[in-house]
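Since the structure comes first, as structure tokens, the remarks are kept for the end.
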Amino acid sequence: MTDPVESGEATDVPDGPLLRIIKDRRVAFIAVGGFNTVLGYLWFVFFQISVGHAWGYMWALILSHVASVLCAFVMHRKFVFRVVGHWWRDLARFEVVQLAALGFNIVALPALVEIVGLAPLVAQAVIAVVTVTFSYFAHRHFSFRRKEPV
């Protein structure tokens, strides 16, 4: 049998404010993920406007990645998975998932901008939909996974 705390489905750890309202962790994940997607997009807009014109949209993408990963990690860990311990390991796994999404983004963004002809902000919005779907499964089964007790 799986320990609720170790599986990420903690029952003896108080739920965060979001899980008091939304009882289903999948729905909570989507809510937090949706918020983080909007926040990440806003970070991209901010960096595109502030440095993108001088340094290029790829720098805006990289800078927005760093800012949004830290926000997303804390929010998913606090409001969705409520896991305890292994903070640095969870962050490393979280970043692996985020880097996979970033790798996809690094390939897809120039393709959509240079080949398809979309504006960088529109292209990034399209890519965000794909990466949110990927992230749900990867974070659930990898980033915040806990081994079952032996």
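Each reported figure results from applying straightforward, stated rules to the coordinates on display, with no laboratory input. Predicted model only: the values in this text are computed from it and were never measured. Ideal geometry is used to build each Cβ from the backbone, glycine not excepted, and the neighbour counts take in all protein chains shown.
One decimal place: the segment PHE137-LEU99 gains 12.2 nm when fully extended, by the rule 0.36 nm per residue minus the C-alpha distance.
A Förster radius of 41 Å combined with the Cβ-Cβ distance from VAL116 to VAL84 puts the calculated FRET efficiency at roughly 0.35.
Once you reduce the range 50-68 and the range 99-136 to the center of their Cα atoms, the two points are 14 Å from each other. Per-residue extension of 0.36 nm, minus the Cα-Cα distance of ARG20 and VAL126, leaves a gain of 35.0 nm for this segment. Positive end of the dipole of the chain (Cβ unit charges, origin at the Cα centre): among VAL51, HIS65, ALA123, the Cα lying farthest that way belongs to HIS65.
Counting only Cβ charges, +1 for Lys and Arg and -1 for Asp and Glu, the dipole size of the chain around its Cα centre is about 200 debye. Diffusion coefficient of the range 9-143 by Stokes-Einstein, Kirkwood radius over Cα pairs, 20 °C, 1.002 mPa s: 138 µm²/s. The modelled label-to-label distance between ILE30 and ALA92, using points 7 Å beyond Cα along the C-beta direction, is 3.3 nm. Estimated from helical segments only, the mean residue ellipticity of the chain at 222 nm is -21000 deg cm²/dmol, where each DSSP H run of four or more residues counts as -39500 (n - 2.57).
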